[in-house]
Each structure stands twice: as C-alpha cells, then as structure tokens.
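Below: the structure, in structure tokens.
The values are calculated or read from the model by the stated rules, or taken from the named source; none is laboratory data. All figures in this text were calculated on a predicted structure; none of them were measured in a lab. Here the Cβ positions follow ideal geometry from the backbone for every residue, glycine too, while neighbour counts run over all protein chains shown.
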Amino acid sequence: MIGTYAAVLAVCGASLALGQAALGLCGVHRWSWLAPTVGLALLCAICWGTVRIGGDGVVSAIVVLVLAIAAVAYLWGRLEGGGEALRAGWPVALVALLAASLPFVVEGHFGILGTSFNPDMSQHLLTADRLAHGQSSQLLHQGYPLGPHAIVVALNKGLGAGLVQGFSGLTVAVAVLAPLTALAAFAKLKPLPRTAGALVVGLAYVVASYFAQGDFKETMQALFLLAFALSLRESTRGWSDLPLRFVPAALLAVGSVYTYSFPGLIWLAGTTVVWVVAEYVMSRRWPPLRPVLLAALAFVVLVAPEIGRMIDFHSFETFDPNGPGLGNLFGQVSPFEALGIWPSGDFRLAPGDGAVPAVGYYLGAAFALVLLLYGIARCWRRRESAVLAGLAAAAIAYTAGRAAGTPYTAAKAIEIAAPLVALTILLPLLDQAEWRLLHRGDAKGASGPIAAAAAAIFVLAAGVCSLLALANAPIGPTSYSPALTGLRPLVASGSTLVLASDDLLANQHGVPYISWELRGGRVCIEAESEAGERPPSGVRFVVARGAPGRPPYPGLRVRRAAPPYILWESTHPVGHHSPCPLIAVRQARQGPARG
C-alpha cells in the first residue's frame, strides 16, 4: 500500500510541477489544468531518454527529481491563481483517488490490476525488470513504446517501490490526473457541477473498464487525446496571443509517441486536421504559421530519437488484421459503451448477459445518445471546434478500426474516445449560465432546469456504471503468493516444476504471472489435476501447495516453505538436460497485443 501510494504521489507531483513549468515557459503564467497531462507527457520522454544511462534507472530518478525541484523554484512567485486552483482541484483529486482505490478495497489487498482479464502486465513487468537491469527484451527490439515502463523503473530506483507497486501507482495516478485535466473545460462552473463533470469525463465507463484491466497505456492515450483537444481549445482563448500557444499540444503529442508510438498520432493528427478545417469554416482564418512551425519544431526535436523505433513498431502483430484479433475479448465491443451508461462490471459482456436486463442497456444508451446529439449541436453553436474535432477524429479512428482492423483495436478506439464523448455531452449541460438560471428560479425559460435535470441523471447513471467497472477490477492472482519471488535464488541453479491450481491457470492467467515471480530460471508449470506420478526427468525442484510432510512425489525433501507453497528438492541426482524453458523464452511467446 505504501509503495503504491508513494508512486501515485510522485507521478502526480512531478507531472503537476513539470507541466506547469513548461506552460510557464510557453508564456502561460496563470495555473492551467492542462499542466498535469503536459507534465505526464514530459515525464514519459524524460524517463525514457535517461533510463538506459547507467543501465538501471538511477539517472532517471535523479533527473526527474532535479527537474521537479527546478520547476517548483521557477514557479515560485511567478504562478498566478494557485490558491484558486487548489480549492477547485483537491475535491476532484480526492474523489478520483478514492474511486481508483476501490479495486484494492473490494479485493482487500494491493497487487497486480486486471490479472483475470488478461496476462499483459506479466510482460510489462518482465520488460521493466530487464530495463532496470540494463538488459534487452523482446519489446525493446520490436520498437514497443516504453515511456511508461521507464517511469516505473525510475520509481523503482528513486522510491524503492517494487515494479508491481510502480505500475499500480502509475495507473492510479493517470486516473487522478484525468479528472484534474478535465477541469480545464469546467473551470468557470460552480463547485458541484465542476467536480461532477470532471470526474465523469476523466473516469468515463470504458476508461474505468480499461483501468480495471490494468491497461495503463490505453488510459494514458485517452488522456493525451482529451488534453490535446483542450489545448487546441485554449489556443484560441486564453493563449491566443502567445507565440508558443501550440507548443503544449506538441508536448502532448510527444507523450503520445513515447506511450503509444505512431498509432497515438492518428488521433492527434486527425484532431488537428478537423480542427483547422472547422476553424476556417467558422472564422475564415487559418492558424498563424509561426506558432505552428515553432510547435512542429519542438515536436520533431523531442521525438527524433524515437523515429527508428517507431519504424520498427509498424510490424507489431497488433496491426495485423489477420492476426489474433480478439485478444481477451469475447467479440466486438459495442460502440454505445463510449456513451458512458453501460451497467456492467465487465465491458466485454453483451447486453443482458449480466445482472441487468438488456433493456436497461438500451434505454441508457438511447438517453445518452440523445444528449450526445444535443451536445454536438450546442458545441457547434458555441464554437467548440476543438472538442468536436477530437470527437470526430475518435469516431473516424473507430470506424477505420472496425472496418479494417480487429475487435481488439476497435475496442481500444472506443476507450480512447470515451472521455471526449462525455465532455461533448456535459459541456453544454453544465454551462454556467444554465446553472445560474436554475439557481435564480427564472421562469422565463425552461432550458436551465431541463439541462440541469438531464445532467444530473447522466452524471448519476454514468458515475454508477464507472464505479461498477472499478469494483469489478481483480487484484491478484489470489491463488498464489508473491512469496514465490523469495524462492528465485534457490531454484536458479536447476529446473523447477510448479504445480498450480486449475483455477489459477485456467481463469487467472497464472502461467505468465508465476513465470514473472520465478523469472531468470528454467520453469515448467502444470495444473495439479494433470500431474503425473513423478516429475519430468531433469527437474530438480518442485513447488507445490500442501503440508511439509506430504511431498507431491516420492524422493523429495523440503528445501523451504513459502506459504501457501512448499519448495521440494529431489534427493536423487538429476540429469543436465532440462525439459523446462527459460522464462525469457516462455515470455517471448506472449506479447501484450495478444492477450
């Protein structure tokens, strides 16, 4: 628990400081709620750029610490609106942290998020472990974006937090930073609608569902798209006179590259193109050339070291429409889930497969769809071109993924679109003038009370659905103990057979997680029900559940107890040939894209 929340605090603190300092250098002297995501983008680039210096991540931790201190020193006495921002932000941050902590509360312990949904985190853990030791990995060679992994390695070296706690902390931190970033759209509202709107946008249902899976990369990309659209929005408002008004958007694109590689730019580039066209249609003006060129220059300089890896990444198996397209899904995910009202703890289930009848899904989706259409019309009238551009780009990305991609990639597109869908719905409904109309009781118009009622119903329904997804997040696996890690030094010298429960292997993806705990040696993993009368020839150690006096095979003696497991060692000489693969070989067969 301490390691997880220390990581949350470190990521949030560094992101806030670095982001606001970067905005300050761009000429923004008043606090902006885009700072958290700009800072997170910089954190990805900084950590990845320094994590391999020295080979163990210590340099990354030192560089981030020095830059964070320098950022605070730079902002001291220069920042305007800090007190107002604190009053607006702390309720949002607190509620978001409590919501993101719900999975740990429900499960009663801290650990690996999303283990029964997919085994992806085992590969991320192994990659981060090899990165922390200055070693290569399959994902590194494939050009897989490793900015978030570098942050976790820096947390590991800087705070002493374990890699599991580092990834959990990063995932929770993103869930806190997302609602804070959404405050940029609701800053002028009263406290209650402002807080509610930010939370529903930042923790939209599909985002909460991907959080429950431990899919930190997708939640980060959804956050970058949301912040990118809001930064374009701000470039025509409070930042319209700044020569560097588009640099914050460029920095967000840099973070997207180091988190999601070139696919992340599909959403951002699409948003930019649609926004430029919409702005020209509305105002008959193109964006000024000099600020655009300065932003482009900043982007190119910061992503230049990653271009070669981006080229390598194009052949990754996720992009093969004939490859393993379902991943951990049961079929195509309904695009109506992006609307936020989907009363299921598992977003993969079809309507009616859970406790709520199918009609409940359709009524909720119909209500939200009406609000979305109303929101699009009102946003166009209010000249919210950047928000609509982000929504249009997300819709185009989903359509392309559905038509030419796989269900796995289409589902990711739905998740990335979800915050912008919620923002388009709530931005007009939570308009400051409408809420003032409601509080004055002005009888001359009904739009205020109707909008307030619709917003309240949507916020309540969408919030409950998001909490349902968070409460359903598994933490584990629960049927084995991380005490297996303590056996690694003992079993590294010989082949090891692990006998695990059938449920752990069949329903909780136990193979990759046991492999992670015993990484570095040769390990065979079998179900207890399929164990033969004796271990395979060449196996020296056996790890099994049970009592010390009851060996699973004859000819074994207790070497060490690691409850609920016992490490047994063969009393007979074993051959040098091992039937068990090295952990690196086993993990190489299972990439995060395959689920």
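General remarks:
- Qualifying residue in the stretch 354-361 (condition: part of a helix (DSSP H, G or I) and surrounded by 14 or more Cβ atoms within 10 Å (Cβ to Cβ)): yes
- Condition check for Ser501: more than 22 Å from the chain's Cα centre (by Cα), at pLDDT 80 or above, over 30 Å from Phe347 (Cβ atoms) and surrounded by fewer than 23 Cβ atoms within 10 Å (Cβ to Cβ): no
- The stretch 95-114, residues that are without any contact (Cβ under 8 Å) to a residue 12 or more places away in the chain and over 19 Å from the mean Cα position of the chain (by Cα): Val105, Gly108
- Any hit, the stretch 408-417, residues being crowded, with 22+ Cβ neighbours inside 10 Å, at pLDDT 95 or above and in contact with a Leu (Cβ under 8 Å, 6 or more places away or on another chain): yes
- Scan of the stretch 374-393 for residues that are without any contact (Cβ under 8 Å) to a residue 12 or more places away in the chain and either outside the structural domain of Gly270 (by TED's automatic domain parsing) or among the aromatic types (Phe, Trp, Tyr) (or both), ordered by number: Trp380
- In the set Arg309, Arg233, only one residue is over 23 Å from the mean Cα position of the chain (by Cα) and of a type outside the set (S, T, N, Q); that residue is Arg233.
- When the test is whether a residue is surrounded by fewer than 24 Cβ atoms within 10 Å (Cβ to Cβ) and under 13 Å from Gly89 (Cα atoms), Thr181 does not pass it.
- Helices (runs of 4 or more DSSP H) wholly inside the stretch 1-85 containing at least 3 residues that are within 28 Å of Leu102 (Cα to Cα): 2-25, 35-50
- When Val51 is tested against (1) surrounded by 17 or more Cβ atoms within 10 Å (Cβ to Cβ); (2) more than 27 Å from Arg290 (Cβ to Cβ); (3) modelled with pLDDT of 95 or more; (4) not charged (D, E, K, R), just one condition goes unmet, and that condition is (3).
- Per the conditions (1) over 16 Å from Pro419 (Cα atoms); (2) under 16 Å from the mean Cα position of the chain (by Cα), the sole criterion not satisfied by Ala175 is (1).
- For beta carbons closer than 7 Å, sequence separation of 6+ or different chains, a first residue in the stretch 338-364 that is basic (Lys, Arg) and a second that is surrounded by fewer than 17 Cβ atoms within 10 Å (Cβ to Cβ), the qualifying pairs are Arg348/Phe330.
- Some residue of the stretch 114-130 being assigned by TED's automatic domain parsing to the domain that holds Ile46 and either modelled with pLDDT of 90 or more or in a strand (DSSP E or B) (or both): no
- Answer residue from the stretch 131-144, given it is farther than 14 Å from Val58 by Cα and assigned to a loop (DSSP other than H, G, I, E, B) and is nearest to the chain's Cα centre (by Cα) among those: Tyr144
- For the residues Ser256, Ser231, Ser240, Ser235, the requirement of being closer than 19 Å to Ala411 by Cβ and either assigned by TED's automatic domain parsing to the domain that holds Thr37 or surrounded by 24 or more Cβ atoms within 10 Å (Cβ to Cβ) (or both) singles out Ser256.
- Selection of the stretch 1-15 for residues being buried (at least 24 other Cβ atoms within 10 Å of the Cβ), aliphatic (A, V, I, L, M) and more than 12 Å from Val172 (Cα to Cα) yields only Ala14.
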